Amino acid sequence: MELRKDPITRSWVVAGHPERDKVRPDPCPLCPENRIETQTLLALPPEGKWQVRVYPHFRPLYRIEGDPGRSAEGIYDRMAAVGAHEIVVETPDHTRTLAQMSDEEIERVLDAWVRRIADLKRDARFKYVTVFKNQGEQSGEEWPHAHSQITATTFVPRRILYELRSAREWYRDRERCVICDILRQEMRQAKRVVDNAGDYYALCPYASRVPYEIWLLPRTHNHQYEVPLAGEQRRNLAALLGRTLRRLLQVAPGYHLVVHTAPNTQQTKGELSEYWRTIAGDYHWHFEILPIVEQRSKSYSIKEVYFNGTLPEQAAERLRQLDPAK
Ligand SMILES: [Zn+2]
Ligand SMILES: [Zn+2]
Ligand SMILES: [Zn+2]
């Protein structure tokens with residue numbers, strides 16, 4: 001298994017991973033009674049019966065040991081698939097989903113993400129830490145048992161790199177954060193904002209890629225999700241995420257969720273320190289949630305252009321009307 005770089009788009013591809021084609025293990029390996037014996041990276045609450053447990057992935061995309069060892073093959077770049085790949089089991093209960101959890105339980109899942117990102121960023125080899133969650137049969141989820149996954153990579157994934165570059169350019173031109181600017185306008189227009197709790201807002205982005213795409217973000221500028229928050233703030237974020245997911249699941253059978261936070265800026269060697277010089281001012285963390293749209297819906301993408309049949313203004317209005325307690 002290795003990483004190969006497409007010289008045109010500059011994106012890295014994980015190449016060759018035969019084990020991943022194997023059928024789903026049965027019984028569920030995430031249920032506490034069936035769990036394959038492995039090291040526990042984090043358990044919450046730390047004492048007593050755990051609700052959230054994090055351990056290394058059984059079939060990791062990236063391996064923790066070693067040096068990425070970048071090398072060339074003629075004009076091409078490649079490196080070893082060094083990194084981390086972890087599973088966050090969100091509940092010991094096989095049938096409980098994140099959307100069904102109490103605010104307190106969701107808060108523990110969010111806290112696990114915070115702690116694992118912060119821990120992985122201490123490793124200077126890792127340039128980026130991604131948290132993602134696939135929920136629903138059509139989402140590509142690995143197991144139906146509620147879980148999310150964390151990867152730490154020696155490169156910044158393509159979409160986040162685009163975002164970071166645009167944010168940096170916006171900041172360079174205006175000395176303002178693009179996401180703060182977006183949120184200010186959205187709050188003023190109030191057309192695409194769905195909900196808020198304390199400092200956190202949920203909105204359908206102006207150029208939504210799929211129907212009911214929704215982002216969660218703090219109003220107060222902050223580039224890093226993994227900064228521990230005061231108790232009340234974290235509870236607000238958990239409450240907003242729960243309400244948002246319960247709304248979304250009334251219009252879609254599943255979703256993808258991804259946390260977008262700043263890259264690992266502890267890599268301060270030469271070029272990179274200059275590159276991320278304005279990161280604290282120019283980037284703003286957020287969650288992106290992309291509902292799964294059914295196969296025959298009017299939303300599909302052709303040649304990487306998104307066609308979205310539902311205007312985000314209509315999506316936001318519909319979502320606002322749905323009962324977030326359901
Ligand atoms: Zn299970
Ligand atoms: Zn901002
Ligand atoms: Zn983003």
Gain in span if fully extended, ARG209 to LEU311, counting 0.36 nm per residue against the direct Cα distance: 35.7 nm
The chain pair-distance distribution - Cα-Cα, 20 Å bins, rounded %: 30, 61, 9
Label-point gap, in nm, between ASP323 and GLN39 - each point 7 angstrom along Cα→Cβ: 4.8
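What's the local net charge at ILE289, with K and R +1, D and E -1, over the other residues with C-beta under 11 Å away? Working shown, then result.
Numbers: positive: LYS133, ARG247; negative: GLU213, GLU288.
Every neighbour counted, the sum reads 0.
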Reachable aspartates and glutamates, given that their alpha-carbon falls under 19 Å from the alpha-carbon of LYS49 and they are not under 8 places away in the same chain: GLU33, GLU37, GLU90, ASP93, ASP103, GLU104, GLU105, GLU107, ASP111
FRET efficiency estimate (nearest 0.05) - Cβ-Cβ, ASP77 to ALA230, R0 35 angstrom: 0.20
Full-extension gain in nm, TRP143 to ASP181, via 0.36 nm per residue minus C-alpha separation: 9.8 nm
Spacing of the two label points (7 Å from each Cα toward its C-beta) at LYS49 and ARG96, in nm: 0.9
Kirkwood hydrodynamic radius of the range 188-277, Cα pairs, Å: 15.2
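Every number here is computed from the coordinates shown, using simple stated rules; none is lab data. All figures in this text were calculated on a predicted structure; none of them were measured in a lab. Glycine gets a Cβ as well: all are built from the backbone with ideal geometry, and neighbour counts include every protein chain shown.
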